[in-house]
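The values are calculated or read from the model by the stated rules, or taken from the named source; none is laboratory data. Since we're looking at a predicted model, the values are computed, not measured. Cβ sites come from the backbone with ideal geometry, for glycine too, and all protein chains shown count toward neighbours. When the accessible area is computed, the model is the full protein with side chains, heavy atoms only, and any ligands, DNA or RNA have been set aside. Shrake-Rupley method; radii C 1.70, N 1.55, O 1.52, S 1.80 Å.
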Amino acid sequence: MTRAYNFSAGPAMLPEPVMQQAAAEFLNWQNTGMSVMEMSHRSKEYMALAHKMEADLRQVMAIPSNYKVLFLHGGASMQFSAIPLNLTQPGDTVDYLNTGVWSTKAIVEARRFVHVNVVTGGELDNPVTIADPVEWHFSENAKYIHICVNETITGLEMQTSHLEAVFAQGKPVIADMSSNIMCREIDVSRYAMIYAGAQKNIGPAGMAIAIVREDLLGYARDDTPTLLNWQVYANNESMFNTPSTYSWYLAGLVFEWLQSIGGVAQMAKINERKATLLYNYLDQSSFYHNPIHPAQRSWMNVTFTLKNPALETDFLSQAKAAGLLSLKGHKAFGGMRASIYNAMPEAGVVALIAFLEQFAAQNA
Ligand SMILES: *Cc1c(COP(=O)(O)O)cnc(C)c1O
């Protein structure tokens with residue numbers, strides 16, 4: 001079977017050149033006589049690989065030198081706990097925007113440790129619009145503001161005006177970028193901490209990345225578990241214990257691939273083209289519908305419903321037969337979802353649109 005276009009929200013497609021290189025090096029990496037998977041993380045060879053991987057990420061995201069890059073366990077979800085443990089003391093207040101399921105999960109975890117003020121969206125399940133900042137309620141004494149920039153389940157992404165309203169508070173901004181990291185250029189220096197699980201735009205599942213401004217390190221609560229303490233990762237090059245070595249290696253190949261295509265600036269142009277193509281098609285169709293506020297639509301996760309929901313099963317089985325996989329939406333939101341992360345080629349989006357057209361014509 002040839003490789004399909006996989007629209008899974010995560011773990012998601014990886015760039016084909018990356019997969020080919022990994023396959024070619026699988027048994028014998030750079031004449032070491034072993035796979036990266038079998039190699040000590042303390043070996044000279046692996047340390048060199050790890051250093052290059054971090055340097056490439058720093059280059060790709062233009063990460064300033066006063067930020068530490070940490071490679072962590074437990075996915076993005078583990079950081080939902082680590083963030084309050086590293087940045088607050090009991091009794092403190094923090095501000096969280098609730099823009100969807102992932103924001104809510106972060107709030108639920110933070111509430112174990114601190115008082116959480118919900119700035120906006122508190123009463124909503126799966127909002128399809130983010131309220132105007134004039135309606136938001138920040139607290140005066142928040143230690144930080146937490147945002148989820150791209151809500152993966154609905155495909156709702158914060159606009160520039162939302163981000164500016166957050167930055168204008170002058171508080172440390174903590175951003176979950178699990179599903180849109182490296183999809184476009186950002187100014188890292190405006191954030192206190194950025195984090196992301198790997199399995200969407202970085203590499204295979206099994207690690208998370210945190211980019212933390214140095215002056216925020218060293219304030220973890222005394223009872224913070226060692227492996228949730230950012231300072232421990234920073235002091236030990238993220239090797240206090242055995243890291244997910246193979247995930248690091250594949251992430252390194254993804255960063256090299258991004259560099260080879262012209263970096264995040266070039267990736268952003270491709271992503272914008274892919275998303276525009278798909279949303280334009282959905283908008284002119286009376287058969288499909290995207291429910292998200294047009295100015296807040298994600299470049300990475302495109303949700304849509306069929307006019308007749310009874311056709312969903314047929315839609316999914318015919319899509320699969322056409323080599324278009326994992327289009328079923330998250331059960332919390334329903335409908336369909338096409339995740340078109342960095343590794344999804346434009347040809348995949350073109351193939352999806354051709355299928356959508358054909359299916360609509362046959363079932364009109
Ligand atoms: C996928 C996702 C997560 C959870 O990631 P895990 O690595 O499974 O913990 C958190 N936030 C967002 C925005 C996500 O898309």
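Points worth noting:
- The single condition among (1) assigned to a helix (DSSP H, G or I); (2) more than 20 Å from the chain's Cα centre (by Cα) that HIS162 does not satisfy is (2).
- Boolean, VAL128 is more than 12 Å from the ligand (Cβ to nearest atom) and touching a residue at least 60 places away in the same chain (Cβ under 8 Å): yes
- Any pair with Cβ under 6 angstrom, 6 or more apart, that starts in the range 84-103 at a residue that is over 17 Å from LYS171 (Cβ atoms) and ends at one that is of a type in the set (Val, Ile, Thr) and surrounded by 22 or more Cβ atoms within 10 Å (Cβ to Cβ): THR99/ILE130; GLY100/THR154
- Filtering the range 81-108 to residues that are under 19 Å from the mean Cα position of the chain (by Cα) and open to solvent by 10 Å² or more (accessible area, probe 1.4 Å) leaves SER81, ASN98, VAL101, TRP102, THR104, LYS105.
- Verdict on ASP56 being away from the ligand (no atom under 16 Å from the Cβ) and either polar (S, T, N, Q) or crowded, with 18+ Cβ neighbours inside 10 Å (or both): yes
- Scanning the range 209-228 for residues that are open to solvent by 30 Å² or more (accessible area, probe 1.4 Å) and under 22 Å from the mean Cα position of the chain (by Cα) yields a total of 2.
- Looking across the range 99-144, the residues that are of a type in the set (S, T, N, Q) and within 19 Å of GLY197 (Cα to Cα) come down to THR99, SER103, THR104.
- Taking (1) more than 27 Å from ASN6 (Cα to Cα); (2) away from the ligand (no atom under 16 Å from the Cβ); (3) out of contact with any strand residue (DSSP E or B) (no Cβ under 7 Å at 6 or more places or on another chain) in turn, GLY262 satisfies each apart from (1).
- Here the condition is being among the small types (Gly, Ala, Ser) and in a helix (DSSP H, G or I); of ALA338, ALA351, it holds for ALA351 alone.
- Selection status of ASN201, open to solvent by 30 Å² or more (accessible area, probe 1.4 Å) and at pLDDT 95 or above: no
- Looking only at the range 245-284, residues that are open to solvent by 30 Å² or more (accessible area, probe 1.4 Å) and aromatic (Phe, Trp, Tyr) come to 2 in all.
- Among the residues examined, ALA12 qualifies as on the phi < 0 side of the Ramachandran plot and touching a strand residue (DSSP E or B) at 6+ places or on another chain (Cβ under 9 Å).
- Flag for ILE181 being over 23 Å from ALA338 (Cα atoms) and open to solvent by less than 60 Å² (accessible area, probe 1.4 Å): no
- Only one of MET19, MET47 that is open to solvent by 20 Å² or more (accessible area, probe 1.4 Å), at pLDDT 95 or above, more than 26 Å from THR226 (Cα to Cα) and of a type in the set (A, V, I, L, M): MET19
- ALA332 vs. criteria more than 25 Å from the chain's Cα centre (by Cα) and open to solvent by 40 Å² or more (accessible area, probe 1.4 Å): no
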